[in-house]
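The values are calculated or read from the model by the stated rules, or taken from the named source; none is laboratory data. If you're wondering where the values come from, they're calculated on a predicted model, not measured in any experiment. Here the Cβ positions follow ideal geometry from the backbone for every residue, glycine too, while neighbour counts run over all protein chains shown. The accessibility values were calculated without ligands, DNA or RNA, using every heavy atom of the protein model including side chains. Shrake-Rupley method; radii C 1.70, N 1.55, O 1.52, S 1.80 Å.
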Amino acid sequence: MRGGASIVKLRPKSYIIRFAKTYLIPTKYDGVKKKARKAVSDFKNRRKRRKVREFYQKNIVVEIHRTIEELLSNEKSRITFICGSDQIWNPQFQPNQLFYLDFSTKLNIKKYSYAASIAVSSLAKEECEYYKRKLKDFEGVSVREKTGKYLLDELLDKNVRVDVDPVLLLGADKWESMMSARFSGKDYILLYMLRPMPELLSFAKMVAQSRGLKLLYIGDFDYDDADIESCHDAGVEDFLNAIYSARYVITNSFHATVFSTIFKKKFCSYAVSRTGTRVLDFLDDFNLQECRIDDLNRTDYSFNQKIDWDEISSIINRKKQESLKYIRSIVNQDK
């Protein structure tokens, strides 16, 4: 876009509507019980959510708009939109206007995606038709996982590229400069979970007990367990430091997996059902297959993976440069 860049976020006017969609109205994937549990957990995590908002305000330029119409009325000179990244193209979130830049306007708009994640390994017929309709007028289509590329290659008559998650566009030193020192000097295993998994919690407790280490838990959902130390108020800076300072990391989160790689930690990652291809593709792309854990009942797990960090750093840098070249080609197209 001319004259600078910013992140656009749509936020409905009604707080009641936002609250109902988040905590009350069940969906195909999130039932009433899960919605209720999220409401309780979000209340306990309210300080974390405040810290995340403060991080956004400090580090990211965000434009808040209430509707698509309001967004377009303010964009007399904007000609380029980039949507991405993460799970914006997960079929769970269809239909969605903003994630697919789906709006009618007389402005001369060009549409691109960057590292958009479909997150699943197969699509229903109606989902395929949705992608074909909504992506047909994109100038450039970039996804984050090779599985997503395979799916879209079958649907679109255009090149689909694979690019790294945006967090890999910054080096470890940059992320280290942002982190707090909250967990520095402590000896613990970090369990980071966005999706609740009692079986992964049991596995992490077993691993921690076998090594005589404290188990620190950070995640969206609350666990009332005397054997773990739960942290409900970890902001972005604390999240980075929690991974950086941990002896080991156990997770079912894509981004905890990526940051464990950035900080060269000993870790294991569990690929959850339905959206596990995100983790599997990442581990495969960066030769980290040994960091995958499938059997949560095993009692002899060790973190003795033989990881060539020099090779992995080389792969990251190569993929990073390819992705930056793509971004620059978009930004510089009208200069």
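Here are a few things to note about the model shown:
- Put simply, when 208-220, 258-270, 35-47, 293-305 are sorted by average Cβ atoms within 10 angstrom per residue, most first, you get 258-270, 208-220, 35-47, 293-305.
- Å² per residue, accessible surface of region 237-335 at 1.4 Å: 47
- Amide proton proximity set for residue 271, modelled H, under 5 Å, gap of 5+: 293
- Between 0 and 90°, nearest 10: helix 236-245 axis offset from the chain longest Cα axis: 40
- On Cα atoms only, tilt of 198-211 relative to the major axis of the chain in degrees: 40
- Accessible area in square angstrom per residue, region 104-176, 1.4 angstrom probe: 50
- Residue ranges 48-58, 79-89 sort as 79-89, 48-58 when ordered by packing (mean number of other C-beta atoms within 10 Å per residue, highest first).
- About the centre of its Cα atoms, the chain shows a dipole size close to 1160 debye [charges on the beta carbon of Lys, Arg (+1) and Asp, Glu (-1) only; nearest 20 debye].
- Put simply, when 117-128, 144-155 are sorted by average Cβ atoms within 10 angstrom per residue, most first, you get 144-155, 117-128.
- Apportionment of accessible area to carbon and sulfur, region 121-260, percent (1.4 Å): 47
- Degrees separating the helix 46-59 axis from the principal Cα axis of the chain, which is the longest one: 50
- Ligands, DNA and RNA left out, the accessible area of region 285-325 computed with a 1.4 Å probe is 38% carbon and sulfur.
- Cα-Cα pairs of region 54-206 separated by more than 28 Å (percent): 39
- Within straight-line cross-link reach of residue 266, aspartates and glutamates at Cα separation under 17 Å, skipping those fewer than 8 residues along the same chain: 187, 284, 290, 294, 300, 308, 310, 311
- 18 Å Cα-Cα reach of residue 134 towards lysines, excluding residues that sit fewer than 8 places from it in its own chain: 106, 110, 111, 125, 149, 158
- Pair-distance profile P(r), taking every C-alpha pair of the chain, with 20 angstrom steps and integer %: 27, 61, 12, 0
- Accessible surface area normalised per residue over region 188-234 is 38 Å², counting heavy atoms of protein chains with a 1.4 Å rolling probe.
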